[in-house]
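S.K.: Handing you this structure, nothing more for now.
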Amino acid sequence: MKIRKVVIPVAGWGTRSLPATKNVPKEMLPVYKKPTVQYVVEEAMQTGITDVVFVNNQNKRIIEDHFDYNLALEAVLERMGNKEMLQEVRKVAQMVNIITVRQKEQLGLGHAVLCAKEVIKDEPFAVMVGDDLLFDHEPGIKQLMEVALTENMPVVGVVDVPREKVSRYGILQAEEFAPDMYRVRGMMEKPRPEDAPSTLAMVGRYVLTPEIFTHLENLAPGKGGEIQLTDALQLLAKENRLLAVKLKGRRFDTGDWVDYLSANIYFALQDKALRSELIENLRSLLPAS
C-alpha cells in the first residue's frame, strides 16, 4: 500500500480568523516567511507524496497560484540579480503536482473529502487540514502512514489535550494496544469535559482507504446540512477498522490566535539574524514584574 496523494480541503471561509480572512484565505496567512498552506504541502512532500489535491472554491484560487510560476516576478528578480530569492520562489512551484477540485457548496469536511473521490479512485490517501501545523519531529502524516502501511487500516492522528479543552475537538473512545497506538471504538464530537471518554483529540491528519467514500456517500446530512468526516470515521470504528496514533512534535493550531502568533514567534526565533533583537523586543513588551 503506497500513498501518493493527499487531499487538502481549503474551501472553508476561515471564520475563526476574521477579520483577517475577509479577503485573504486563512491558508495564505503567513507564519513567519511562508503562508500556512506551504508548511502543510512541505510536510506531505517530505513523506514522498507526489500529488496534492486541493478541494477549493472559486474565490480562493490564490492558493493554487502560490504553487505556480510567477513569470513577471521571476523576471524582476532576475534583473535585480537576486538569485537566492529567485531560486526560492521557483522552488515553491516545483514542489509537487497540484490538482484542484471544486467544492461548490461548503457542506463539511466529509463532503470536501468526498469531492476528491474521482481523483483518488481506489488508492489509499492522506488528508491534511491546514489549521494544524506539526514540527520538531518527523512529519506528522508520516507517523500515520507507517502505521497504516503496517496494519493495512485507516489511521487518524490524535494529541492529548487538557480536559477543559475537550469541547473544541472530536474526542476518541479508544484502547491502547501499543505505545501511543490505539484501537478506536467510538468518538464524541465536542463533548462537555465531564462527558468526554478520554482526552485524545483528533487533529487534522488522517490516512484513509477508499472505503471511506462509501460511508460518506451513504451518510445523511447532519446539522446545517453538512456531511461530517467524523460520522464516517465512527462507522469505521464500529467495524473495528480504525486506528489512532498519538502524534509527536510541536503543534500549532493556526485557527487559534494565541497558537498562530506563537507559531510566528517560534519560527522567528529559529532565525539567527532575528533572534537576539526579537527577544529584546519581546522582553520590552512584557510588563515589569
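S.K.: Would you work out the Kirkwood radius for the chain? I mean one over the mean of 1/r across all pairs of different Cα atoms, in Å.
M.R.: Here the Kirkwood hydrodynamic radius works out to 20.2 Å.
S.K.: Return L107, L71, L229 ranked ascending by Cβ neighbour count within 10 Å, so the fewest neighbours appear first.
M.R.: L71, L107, L229
S.K.: Which aspartates and glutamates have a Cα lying under 14 Å from the Cα of K272, excluding residues fewer than 8 positions away in the same chain?
M.R.: Leaving aside aspartates and glutamates fewer than 8 places away in the same chain, those within reach of K272 are E280.
S.K.: OK, next. For G222, what residues show an amide H to amide H distance below 5 Å, using hydrogens built from the backbone and excluding near sequence neighbours?
M.R.: Amide H neighbours of G222: I227, Q228.
S.K.: Which of the lysines could be linked to K22 by a straight reach, that is with a Cα gap under 25 Å, when you skip same-chain ones fewer than 8 residues away?
M.R.: Partners within reach: K33, K34, K60, K104, K223.
S.K.: Under 18 Å Cα to Cα from K91, which aspartates and glutamates show up? Leave out anything in the same chain fewer than 8 places away.
M.R.: E42, E43, D51, E64, D65, D68, E74, E78
S.K.: In deg cm²/dmol and to the nearest 500, what is the mean residue ellipticity at 222 nm of the chain if only DSSP H runs of at least 4 residues count, each as -39500 (n - 2.57), divided by the residue total? Write down the numbers at each step before the final one.
M.R.: On the way: 11 runs with 106 residues, N = 289.
Counting only the DSSP helices, I get -10500 deg cm²/dmol.
S.K.: In the chain, which helices (entire DSSP H runs) extend 18 Å or more along their own long axis, judged by Cα positions, while averaging at least 0.5 on the Kyte-Doolittle scale?
M.R.: What comes out of the filter, once short or polar helices are dropped, is 257-270.
S.K.: Then there is this: Quick one: 3J(HN,Hα) in Hz for region 13-19, Karplus 6.51/-1.76/1.60 with θ = phi - 60°, rounded, Gly and Pro as x.
M.R.: 8, x, 5, 5, 10, 5, x
S.K.: Expressed as a whole number of Å, what is the distance separating the alpha-carbon centroids of region 252-275 and region 35-57?
M.R.: 20 Å
S.K.: Still on this structure, I have one more. For the chain, build the charge dipole from Cβ charges (+1 Lys, Arg; -1 Asp, Glu) around the Cα centre, then report which of L261, G130, V76 sits farthest towards its positive end.
M.R.: Of the listed residues, the answer is V76.
S.K.: May I pose another question? Based on Cα positions only, what radius of gyration and what Dmax would you give for region 97-216, in angstroms?
M.R.: Using the Cα atoms of region 97-216, the pair Rg, Dmax is 15.1, 45 Å.
S.K.: Here's a follow-up. Suppose we flag GluC sites (Glu not before Pro) only when DSSP calls them loop and at most 13 other Cβ atoms lie within 10 Å. Which is the longest uninterrupted stretch of the chain?
M.R.: With GluC sites (Glu not before Pro) excluded where exposed in loops, the chain gives 1-104 as its longest stretch.
S.K.: Remind me, what semi-axes does region 145-289 give for its equivalent ellipsoid, largest first in whole Å, using sqrt of 5 times each Cα gyration tensor eigenvalue? Please report the intermediate quantities before stating the final value.
M.R.: On the way: eigenvalues 254, 65, 47 Å².
Those come to 36, 18, 15 Å.
S.K.: Would you pull out the residues with amide H under 5 Å of M187's amide H, same chain only if 5 or more places away, H placed 1.01 Å from N?
M.R.: When sequence neighbours closer than 5 places are left aside, the close amide H contacts are Q173.
S.K.: On to the next question. What FRET efficiency would be calculated for the residue pair S284, M80, taking the C-beta separation as r and a Förster radius of 35 Å, to the nearest 0.05?
M.R.: In this case the efficiency is close to 0.50.
Where a number appears in this text, it was derived from the coordinates with a stated rule and is not lab data. Everything numeric here is computed off the predicted structure, so don't read it as measured data. All Cβ positions, glycine included, derive from the backbone under ideal geometry; neighbour counts span all protein chains shown.
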